[in-house]
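The values are calculated or read from the model by the stated rules, or taken from the named source; none is laboratory data. All figures in this text were calculated on a predicted structure; none of them were measured in a lab. Neighbour counts run over all protein chains shown; Cβ positions are idealised from the backbone, glycine included.
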Amino acid sequence: MIEAALATLPLSPGVYRMLDAKGDALYVGKARALRRRVYAYTQVGKLPERLRRMVYETRSLEVMTTGSEAEALLLEANLIKKLRPRYNIVLRDDKSYPWLVMTEDHPYPQIGKHRGERRKGASYWGPFASVWAVNQTLSALQKVFLLRSCADTVFDTRDRPCLLHQIKRCSAPCVERVSQADYRELVDEAKQFLSGQTPSIQKHLATEMEAAAERLEFERAAALRDRIRGLTYMQGRDRVNLDGVDDADVVALHQLAGQSCVQVFFFRGGRNNGNRPYFLSKGDAGPEEVMGSFLGQLYDDLPPPPLILLSHDPEESALIAEALTLKAGRKVELHRPQRGEKRHAVEHAETNAREALERRMAEGTAQEALLAGVARLFELPGPPERIEVYDNSHIQGTHAYGVMIAAGAPGFLKQAYRKFSIKSDLKPGDDFAMMREVFERRFGRAMKEDPGRDSGTWPDLVLIDGGAGQLSAATAILAEMGVEDLPLVGVAKGPDRDAGREWFHQTGKAPFQLPPRDPVLYYLQRLRDEAHRFAITTHRAGRSKAITKSELDDIPGVGPAVKRRLLNHFGSARGVRNAALPDLENCPGIGPAVARKIHGHFHPGGTEG
């Protein structure tokens, strides 16, 4: 079939697709001269085994010509990501990237996060490796530059400042607490910061602060001082030194046992926008081939930065640089540094790639083998069928929750997860009291409902977050309840809370650590991290529910829409409670009957006239 197609193939650059009997793509390739490249597939004896199988399965061939080989490379990468051919090296990550966006078509521009296609009338900064990374930057920008993040619909209907203004994260342009000119200056400063011009902003703010102090405007001087502190903190936390480089990506590859992981760090404006691991199929290919294929697919939907620092030189490095330059509309340099800060950055990314791949391989190890390793480690009579992990979350004792997650041979047993809203009054930081309540409720109920432990809901191993003190307290709590035969292990993080340096505590044994790349260690870390994730999300949900609940919820007939109108108009539930009947009647969307009902709820002995 391939030989028959050769007669009609041009000698121009382009992309070819090998298709199977169903018409699905088996392989996508690019060529400087299509006829010569495809001819190589007729020399089956010279092909590696993988490509021999591909040729055997090929039933038809499609080609697309391009203006240059660089254009062909870009088209090839696009088709590989879209079609995911079985015989290509395919990037196993189709997530979009979050960006920071600032609207430009409003008198008071809004700052926020964005995914998907760009729209006119807005400026974008990124990419960021994760939502967490963009949220961190967005939060810091609000503190330093006081830009609004609310939607235009909310902005247009407010008549009082919102909570963000009260906590000094917004300048409240919605109610004209800042002039349009002053807000525009904040916008310009934020743009300068995102472009890496932090020193000039700090100098400008310092000059303003001194001038305000000389005019005895101490409140404004203090506000400027707080902004300078926030800017200094952001710069110290996120700023990186890559020998004067502002915009660059660091791309590092690690291969192990036929698998490949590429770690990418995104640096923009001299700041770290986070990192993300990527896993590729056909990891048995050489590092040069894998790196070349990866770069084409990575920048298929991302604008490449001016500099890309690499751990391995890709195949056809010059061609890839030409293609990315064509895509970016400016020069893009591929560089494999050998010394200095740039080399250190690449080595750091390589370490992250190795650890991510090892972690992934450890997670892919048979669950039974991991559980058997846990049994050996903690001297259990056999592989545990059910492991329970406990954690808690609170803010100085408020909105306190304890959680339990469970895992076993099938993986995480999410139907067995439990939340415990702490009912007793706690002193700030009294984690022992929280653990006592959680254990008493969990095992008190278990002893009542299943004293013979026949239902399979009793754990074979209990992990708690903490060291010797927490372990001793947990053991004492269970002993008081008459439960003295449950294996308990305390998992304490090492110095600086570094993952991989955890200490494990068991009663009657000296604390110990595991080798940094032990598969059982990765498994235990995963259990602990899942418990921590569940604790944080449970706490946030409970806190949000408590915050959003108000006395308006108790008024019969007042639903979410009416409640929203009231809060938008009066600013708070207290404002609604103190409002006179005529004021309630004048609230947009609130009729006389509803107004009388609301007024009567708060003033049952008053008149309605």
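To keep it simple, each residue is scored yes or no on (1) among the small types (Gly, Ala, Ser); (2) out of contact with any strand residue (DSSP E or B) (no Cβ under 8 Å at 6 or more places or on another chain).
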position	(1), (2)
Thr153	no, yes
Asp156	no, yes
Cys162	no, yes
His165	no, yes
Ser179	yes, yes
Val187	no, no
Ala190	yes, no
Phe193	no, yes
Gln197	no, yes
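Residues in region 443-468 that are crowded, with 20+ Cβ neighbours inside 10 Å and either among the small types (Gly, Ala, Ser) or touching a Ser or Thr at 6+ places or on another chain (Cβ under 6 Å) (or both): how many? Adding up the residues that qualify gives 1. Looking for something at pLDDT 85 or above, crowded, with 16+ Cβ neighbours inside 10 Å, closer than 25 Å to Tyr401 by Cα and not β-branched (Val, Ile, Thr) - is there at least one such residue anywhere in region 535-549? The answer is yes, given that some residue of region 535-549 is at pLDDT 85 or above, crowded, with 16+ Cβ neighbours inside 10 Å, closer than 25 Å to Tyr401 by Cα and not β-branched (Val, Ile, Thr). With respect to the conditions (1) at pLDDT below 80; (2) buried (at least 19 other Cβ atoms within 10 Å of the Cβ), Gly575 falls short on a single one, namely (2). Does Gly258 count as under 23 Å from Gly126 (Cα atoms) and either at pLDDT below 90 or β-branched (Val, Ile, Thr) (or both)? Taking the combined requirement at face value, the residue does not satisfy it. The residue that is farthest from Gly329 (Cα to Cα), among those in region 20-52 that are in contact (Cβ under 8 Å) with a residue 12 or more places away in the chain and among the basic types (Lys, Arg), is Arg50.
Pairing each residue of region 118-129 that is touching a residue at least 40 places away in the same chain (Cβ under 8 Å) and within 21 Å of Pro304 (Cβ to Cβ) with any residue that is of a type in the set (Val, Ile, Thr) and part of a strand (DSSP E or B), provided the two are 6+ apart or on different chains, yields C-beta distances under 9 Å for Ser123/Val101; Ser123/Thr103; Trp125/Val101; Gly126/Val101; Ala129/Val264.
Of all residues in region 207-222, those satisfying the criterion of being assigned to a helix (DSSP H, G or I) and either at pLDDT 75 or above or closer than 30 Å to Ala345 by Cα (or both) are Thr207, Glu208, Met209, Glu210, Ala211, Ala212, Ala213, Glu214, Phe218, Glu219, Ala221, Ala222. Taking region 493-507 as the range and being modelled with pLDDT under 90 and out of contact with any helix residue (DSSP H, G or I) (no Cβ under 8 Å at 6 or more places or on another chain) as the test, the residues that pass are Lys493, Gly494, Pro495, Asp496, Arg497, Asp498.
Against the list (1) touching a residue at least 60 places away in the same chain (Cβ under 8 Å); (2) crowded, with 20+ Cβ neighbours inside 10 Å, the condition Tyr16 fails is (1).
In this structure, Tyr39 does not qualify as closer than 20 Å to Lys81 by Cα, among the hydroxyl-bearing types (Ser, Thr, Tyr) and surrounded by 14 or more Cβ atoms within 10 Å (Cβ to Cβ). For Val178, the stated conditions do not hold, so it cannot be described as surrounded by 16 or more Cβ atoms within 10 Å (Cβ to Cβ), in a strand (DSSP E or B), without any contact (Cβ under 8 Å) to a residue 60 or more places away in the chain and hydrophobic (A, V, I, L, M, F, W, C). Scanning region 149-159 for residues that are of a type outside the set (Asp, Glu) and out of contact with any helix residue (DSSP H, G or I) (no Cβ under 6 Å at 6 or more places or on another chain) yields a count of 5.
When Arg564 is tested against (1) in contact with a helix residue (DSSP H, G or I) (Cβ under 6 Å, 6 or more places away or on another chain); (2) modelled with pLDDT under 80, exactly one condition is not met: (1). Within region 62-107, track down each residue that is of a type in the set (Gly, Ala, Ser), over 30 Å from Ala133 (Cα atoms) and touching a strand residue (DSSP E or B) at 6+ places or on another chain (Cβ under 9 Å). Across region 62-107, the qualifying residue is only Ala72.
Among the residues of region 511-542, those that are outside any helix (DSSP H, G or I) and of a type outside the set (Lys, Arg) comprise Pro511, Phe512, Gln513, Leu514, Pro515, Pro516, Asp518. Condition check: under 22 Å from Ser393 (Cα atoms), in the same structural domain as Leu524 (by TED's automatic domain parsing) and basic (Lys, Arg). Does Lys419 satisfy that? Here the answer is yes, as Lys419 does meet what is asked.
Against the test of being modelled with pLDDT of 90 or more and assigned to a helix (DSSP H, G or I), the options Arg227, Arg184, Arg237 yield a single qualifying residue, Arg184.
Each row is one residue, and each column tells you yes or no for (1) under 13 Å from Glu76 (Cβ atoms); (2) in contact with a helix residue (DSSP H, G or I) (Cβ under 8 Å, 6 or more places away or on another chain).
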residue: Leu295; (1), (2): yes, yes
residue: Leu298; (1), (2): no, no
residue: His312; (1), (2): no, yes
residue: Glu316; (1), (2): yes, yes
residue: Leu319; (1), (2): yes, yes
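If the condition is being of a type in the set (S, T, N, Q) and either surrounded by fewer than 13 Cβ atoms within 10 Å (Cβ to Cβ) or not in a loop (DSSP other than H, G, I, E, B) (or both), then region 101-148 contributes Thr103, Ser123, Asn135, Gln136, Thr137, Ser139, Gln142.
Among the residues of region 291-346, the ones that are on the phi > 0 side of the Ramachandran plot and in contact (Cβ under 8 Å) with a residue 12 or more places away in the chain come to 2 in all.
When Leu91 is tested against (1) within 18 Å of Ser281 (Cα to Cα); (2) among the aliphatic types (A, V, I, L, M); (3) modelled with pLDDT of 90 or more, only condition (3) is not met. I'm trying to understand the selection: among the residues of region 273-293, which are at pLDDT 90 or above, of a type in the set (A, V, I, L, M) and more than 16 Å from Leu309 (Cβ to Cβ)? The answer is Val290, and nothing else. Taking the listed residues Met434, Met447, the one that is among the aliphatic types (A, V, I, L, M), in contact (Cβ under 8 Å) with a residue 24 or more places away in the chain and over 19 Å from Glu484 (Cβ atoms) is Met434, with no other qualifying. Check Gly296 against each of (1) within 22 Å of Asp93 (Cα to Cα); (2) of a type outside the set (Lys, Arg); (3) modelled with pLDDT of 95 or more and name the one condition it does not meet. Among (1) within 22 Å of Asp93 (Cα to Cα); (2) of a type outside the set (Lys, Arg); (3) modelled with pLDDT of 95 or more, Gly296 violates only (3).
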